[in-house]
1. Determine the gain in length on full extension of the stretch residue 120-residue 38; use 0.36 nm per residue of separation and subtract their C-alpha separation, reporting nm with one decimal.
2. Springs between alpha-carbon atoms under 10 Å, Gaussian network over the chain: tell me which of 149, 61, 31 tops the mean-square fluctuations.
3. Percent antiparallel among DSSP beta bridges with both residues in the chain, to the nearest 5?
4. Return the loop-located GluC sites (Glu not before Pro) in region 41-141 (DSSP other than H, G, I, E, B) with at most 10 other Cβ atoms within 10 Å of their own Cβ; answer none if there are none.
5. Less than 19 Å from a label point 7 Å out along the Cα-to-Cβ axis of residue 78: which backbone N atoms in region 39-55 qualify, by residue?
6. Considering the chain as a Gaussian network with a 10 Å cut-off on Cα pairs, which listed residue, 118, 162, 14, attains the greatest mean-square fluctuation?
7. If only Cα atoms are counted, what is the Rg of the chain, and what is its Dmax, in Å?
8. Could you give the distance between the Cα centres of region 100-114 and region 29-57, to the whole Å?
Amino acid sequence: MPENEKPAEPQLRKLDAHSLRGLAHPLRIRLLGDLRLHGPATASQLAERLGESSGATSYHLRQLAAYGFVEDAPEHGKGRERWWRPSQDGTIFDEALVYDTDPATRGAAEVFLAEIVKIHEQELSSWLGEAHTWSLEWRRSSELSDFSLQLTPEQSHELVLKVHDLINSYRDLPPSEDTETVRFHTHAFPVRTK
């Protein structure tokens, strides 16, 4: 990418109460995440990868489509095969949904957040279990760190946005022979120490 050119901004979808209720199911979250990570797929391919029945994946893909999270990928299909792709690059969770006056919305927010935590935990556990199969170079390039900082809410928010900007600046780098998909998890939250 030329030095003066900004990286393309990812297309993100901010969840509202309606769309959250359409996404807040563990299998739907996993389906959408798999499509974003691995690209277009059929319900059968997703079922095999996720250890589900193709009937379940097909039903939940149609629900995701009804809420605008996935769409047909006709350029991949042949014959009667139906391929799906994500409609956006990512999802933005609005913290206000946790405090919504509607108990159904609050419940959906809890399901969504709990599944995200579970997925992060599974990805980290998988990495730890298979790290020995990667080269020393990749092992040195991975990280499991945590930091404790004294920040105001505004400073914490500013730091989160700067981390996002930095990660997004790497999004459009051209692939090379040794390029692999790298997952970054960010977690920022206050803790009571007094």
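1. Working it through step by step, the gained length comes to 27.9 nm.
2. Most flexible of the set in this elastic network: 149.
3. 60
4. Qualifying residues, ordered by number: 75.
5. Output list for this probe position: 40-46.
6. Looking only at 118, 162, 14, the largest GNM fluctuation is found for 162.
7. 18.8, 64
8. Distance between centres, Cα-based: 24 Å.
Bear in mind that the values in this text are calculations on the coordinates, not laboratory data. Computed from a predicted model, the values in this text were never measured in an experiment. Reconstructed Cβ throughout: ideal geometry from the backbone, glycine too, with neighbour counts over all protein chains shown.
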